[in-house]
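Working notes for the structure below.
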Amino acid sequence: MKLRNAWIIVGVSAALTVVALEALAADDCNTTSQCREKYGSAATDCLNSQSSTSVCMCGGSRCASTPNPDPAPTGSVLGRIAVSSDGNFADCDDLFATAVTVAILAKTGNASKLRYYGHSDHLWGTEGGCKDGNREAAMQRSSAETARLYGGFDLSVFINAKANRETAINRLKDEINRSTSSNPLWIIAAGPMEVVGQALSRAASSRRQYVTVISHSTWNDNHADRPSGGESHRGWTWDEIGRMSSPPKRRHLPDQNGGLRTSHSNFYEWRDASDSRRRWLWSRNRATGLSVADCSDAGMAYWLATGRVDERASASEIKALLR
């Protein structure tokens with residue numbers, strides 16, 4: 001039996017001192033499944049499950065020591081979510097867009113549904129640093145650190161695809177192979193299509209019908225076969241994914257730059273916020289070193305999580321959601 005605020009009477013020099021003790025044993029769980037019911041898929045173990053001092057663990061930390069998702073999970077997206085983003089090549093905007101994407105998933109109650117986040121997925125090379133330095137390390141901060149701050153995520157799903165090519169592709173393939181009509185997979189393609197195409201091609205063809213790939217950028221759609229100056233490569237494109245046998249569903253949104261590539265002043269609310277998480281989002285904007293605030297790729301997460309009918313997101317709508 002666990003001990004809650006117990007009161008012990010101690011005699012000292014004929015006086016009575018009352019000592020309040022905090023609970024010595026949390027007895028947090030009996031099974032790992034109970035931990036997942038309490039903390040979502042971030043829970044990985046019920047440590048000391050046979051004792052009265054059991055603790056739910058989220059990776060290497062106590063689940064209770066990390067923030068809970070805000071708001072509580074609502075399950076607005078049917079199935080699971082995967083994101084494949086670059087950030088290690090071309091514009092530095094993904095440092096901001098990635099952080100906003102993660103925040104959107106948390107605020108809409110979909111943190112536990114994120115089962116893969118592969119960043120730095122421009123597999124052919126990484127360009128020089130943005131204002132925040134090494135771009136692959138900066139993308140890890142934008143993704144995993146934002147997830148830690150908002151809570152509710154399984155931090156093991158974040159991976160550097162450039163540094164861990166085969167592991168990243170196979171992790172996404174495994175998520176595709178778990179897909180069913182009642183547990184579909186939504187892939188937000190926020191970078192070149194190479195990792196997504198490779199994973200789909202390795203997966204069971206019968207599972208692709210339960211996958212939807214989302215894009216908004218023709219640059220991402222075609223970059224594998226249209227390398228930038230000095231590059232030489234070929235790979236999977238948006239159209240080639242559509243032509244594979246038993247292809248996945250595809251949803252191409254309008255270019256989100258129209259509403260989400262804007263003046264920094266439109267995000268001063270985050271710069272001046274009392275909420276440390278929104279100030280963190282502002283810092284990821286400044287880390288890009290760009291003359292504008294551009295979180296355009298986050299428009300795909302906004303559409304997926306909210307079902308926005310006209311498929312376009314604005315800075316004012318993103319700010320309202322994340323307040």
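Bear in mind these aren't lab numbers, they're just calculated from the coordinates by the rules spelled out. Just so it is clear, the structure is predicted and the values come from calculations on it, not from any experiment. FYI the Cβ positions are ideal-geometry reconstructions off the backbone, even for glycines, and counts take in every protein chain you see.
Observations, loosely collected:
- FRET efficiency for ASP239 and SER291, using Cβ-Cβ distance with R0 set to 45 Å, rounded to 0.05: 0.85
- Relative counts (whole %) of C-alpha pair distances in the range 131-226, using bins that are 5 Å wide: 2, 12, 18, 21, 24, 15, 6, 2, 0
- Taking SER217, SER51, SER120, SER76 and counting other C-beta atoms within 10 Å, the order from fewest to most: SER51, SER76, SER217, SER120
- Share of pairwise Cα-Cα distances greater than 31 Å in the range 80-321 is 15 percent (whole percent).
- Fewest-first sequence of TRP280, TRP186 by Cβ atoms within 10 Å of each Cβ: TRP280, TRP186
- The range 208-310: GluC sites (Glu not before Pro) falling in loop per DSSP and having at most 12 other Cβ within 10 Å: GLU231
- Among the listed pairs LYS113/LYS162; LYS113/LYS319; LYS131/LYS162; LYS131/LYS173, those beyond 25 Å (Cα-Cα): LYS131/LYS173
- Taking the number of Cβ atoms within 10 Å of each Cβ as an exposure proxy, the fewest-first ranking of MET139, MET57, MET300 is MET57, MET300, MET139.
- Extension gain (nm, one decimal) between ARG202 and TYR268, 0.36 nm per residue minus Cα-Cα: 19.3 nm
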